[in-house]
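Below is the structure I would like to discuss, written out as structure tokens.
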Amino acid sequence: TQLLEQSPQFLSIQEGENLTVYCNSSSVFSSLQWYRQEPGEGPVLLVTVVTGGEVKKLKRLTFQFGDARKDSSLHITAAQPGDTGLYLCAGAGTYKYIFGTGTRLKVLA
Amino acid sequence: SAVISQKPSRDICQRGTSLTIQCQVDSQVTMMFWYRQQPGQSLTLIATANQGSEATYESGFVIDKFPISRPNLTFSTLTVSNMSPEDSSIYLCGGTSVSGNTIYFGEGSWLTVV
């Protein structure tokens, strides 16, 4: 069974702080996605990483895919209240997508 | 990105009844999936909707409880049968792009069973 563990599970920080969310598995994925979900909405895609070692930047967000394609990280620089939400990683396995356990982030003004 | 729409967006249902959720995707979608997200939790895959054939269910989910249809490439339905309060969840339809690298979601269907 493919599992994706995210850490931390919850995170509450002050505006302006930096943070990193981790997504780990013992399985290899052909690609990995990160989503943010806000209350009352479906998950919104942030990024897809495909190549081992790949780094992608989206404004203040930096995503990295592990060399072995088993893990990933999301780093947010100078967090803002608008970054508040549930962050989910998802791995593309064999004919299906497995979601991580989720990280709930709250950024306080 | 793919465009995915679901309906109903919300519903309050009586215990013991059944509800069918519809999912319409645009032509860029190849595979379709149904997920459940219980309050405060991540997404759990219910099944892969296969065009013109029976869906592929994940462990813990059965066709009698969650019958799924996909009569064509761009439309699928999920029925939640004989509902109980434990079925109160967000049900999400997901579709993958042609490249298969990414899954996109609609807004989800929020079900409350009373």
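The values are calculated or read from the model by the stated rules, or taken from the named source; none is laboratory data. Since the model is a prediction, treat every value here as computed from it, not as a measurement. Neighbour counts are summed over all protein chains in view; Cβ atoms, including those assigned to glycine, are modelled from backbone coordinates with ideal geometry. We work out accessible area using only protein heavy atoms, side chains counted, and drop any ligands, DNA or RNA first. Shrake-Rupley method; radii C 1.70, N 1.55, O 1.52, S 1.80 Å.
How many of the residues in segment A:19-65 are on the phi > 0 side of the Ramachandran plot and among the basic types (Lys, Arg)?
Taking segment A:19-65 as the starting set, the residues that turn out to be on the phi > 0 side of the Ramachandran plot are A:40, A:53, A:59.
Right, trim to among the basic types (Lys, Arg) and you get A:59.
Count: 1.
From the list B:PHE75, B:PHE66, exactly one residue is within 17 Å of B:SER5 (Cα to Cα) and touching a residue at least 24 places away in the same chain (Cβ under 8 Å). Which is it? Walk me through how you get there before you give the answer.
Values: B:PHE66 fails: within 17 Å of B:SER5 (Cα to Cα).
From the options B:PHE75, B:PHE66, the qualifying one is B:PHE75.
Please verify whether B:ARG15 is out of contact with any Cys (no Cβ under 8 Å at 6 or more places or on another chain), under 15 Å from B:THR79 (Cα atoms) and part of a loop (DSSP other than H, G, I, E, B), treating the condition exactly as stated. Walk me through how you get there before you give the answer.
Numbers: out of contact with any Cys (no Cβ under 8 Å at 6 or more places or on another chain): yes; under 15 Å from B:THR79 (Cα atoms): yes; part of a loop (DSSP other than H, G, I, E, B): yes.
So B:ARG15 passes the test.
Here is a follow-up. Test each condition in (1) more than 14 Å from chain A (Cβ to nearest Cβ); (2) more than 13 Å from the chain's Cα centre (by Cα) for B:LEU19 and report the one that comes out false.
Among (1) more than 14 Å from chain A (Cβ to nearest Cβ); (2) more than 13 Å from the chain's Cα centre (by Cα), the lone unmet condition for B:LEU19 is (2).
Could I ask something else about it? Any chance you could count how many residues in segment A:1-43 are under 15 Å from A:LEU105 (Cα atoms), within 14 Å of chain B (Cβ to nearest Cβ) and not in a loop (DSSP other than H, G, I, E, B)?
Final tally of qualifying residues: 9.
Follow-up question, since we're still on this one. I need the full set of residues from segment B:40-59 which are more than 11 Å from chain A (Cβ to nearest Cβ) and assigned to a loop (DSSP other than H, G, I, E, B), in order please.
If the condition is that a residue be more than 11 Å from chain A (Cβ to nearest Cβ) and assigned to a loop (DSSP other than H, G, I, E, B), then B:GLN51, B:GLY52, B:SER53, B:GLU54, B:ALA55 are the ones that fit.
Going by the structure shown, is A:VAL107 touching a residue at least 40 places away in the same chain (Cβ under 8 Å) and within 30 Å of B:ALA55 (Cβ to Cβ)? I'd like the intermediate steps shown before the answer.
Numbers: touching a residue at least 40 places away in the same chain (Cβ under 8 Å): yes; within 30 Å of B:ALA55 (Cβ to Cβ): no.
For A:VAL107, the condition - touching a residue at least 40 places away in the same chain (Cβ under 8 Å) and within 30 Å of B:ALA55 (Cβ to Cβ) - is not met.
So which residues in segment B:18-75 are under 26 Å from A:PRO39 (Cα atoms) and of a type in the set (S, T, N, Q), if there are any at all?
If the condition is that a residue be under 26 Å from A:PRO39 (Cα atoms) and of a type in the set (S, T, N, Q), then B:SER18, B:THR20, B:GLN22, B:GLN24, B:GLN37, B:GLN38, B:GLN41, B:SER42, B:THR44, B:THR48 are the ones that fit.
Pick from segment B:84-114 the residues that are open to solvent by 50 Å² or more (accessible area, probe 1.4 Å) and charged (D, E, K, R): which of them is nearest to the other protein chains (Cβ to nearest Cβ)?
B:GLU107
Moving on to the next point. Condition first: outside any strand (DSSP E or B), surrounded by 20 or more Cβ atoms within 10 Å (Cβ to Cβ) and within 11 Å of chain B (Cβ to nearest Cβ). Now tell me which residues in segment A:62-109 satisfy that.
Across segment A:62-109, the qualifying residues are A:GLY100, A:GLY102.
Output the residues belonging to segment B:60-72 that are part of a loop (DSSP other than H, G, I, E, B) and exposed (fewer than 15 other Cβ atoms within 10 Å of the Cβ).
First, the residues of segment B:60-72 that are part of a loop (DSSP other than H, G, I, E, B): B:60-67.
Within segment B:60-72, B:GLY60, B:VAL62, B:ILE63, B:ASP64 meet the criteria.
Only one residue in B:TYR57, B:TYR91 is free of Cβ contacts under 8 Å to residues at least 60 places away in the same chain and within 24 Å of B:THR17 (Cβ to Cβ). Which one? Give the derivation first.
Numbers: B:TYR91 fails: free of Cβ contacts under 8 Å to residues at least 60 places away in the same chain.
After applying the criteria, what remains is B:TYR57.
Does any residue of segment A:33-46 turn out to be more than 30 Å from B:ALA49 (Cα to Cα) and crowded, with 16+ Cβ neighbours inside 10 Å? Let's see the steps before the verdict.
The initial filter retains those residues of segment A:33-46 that are more than 30 Å from B:ALA49 (Cα to Cα), namely none.
Looking for residues that are more than 30 Å from B:ALA49 (Cα to Cα) and crowded, with 16+ Cβ neighbours inside 10 Å, one finds none in segment A:33-46, hence no.
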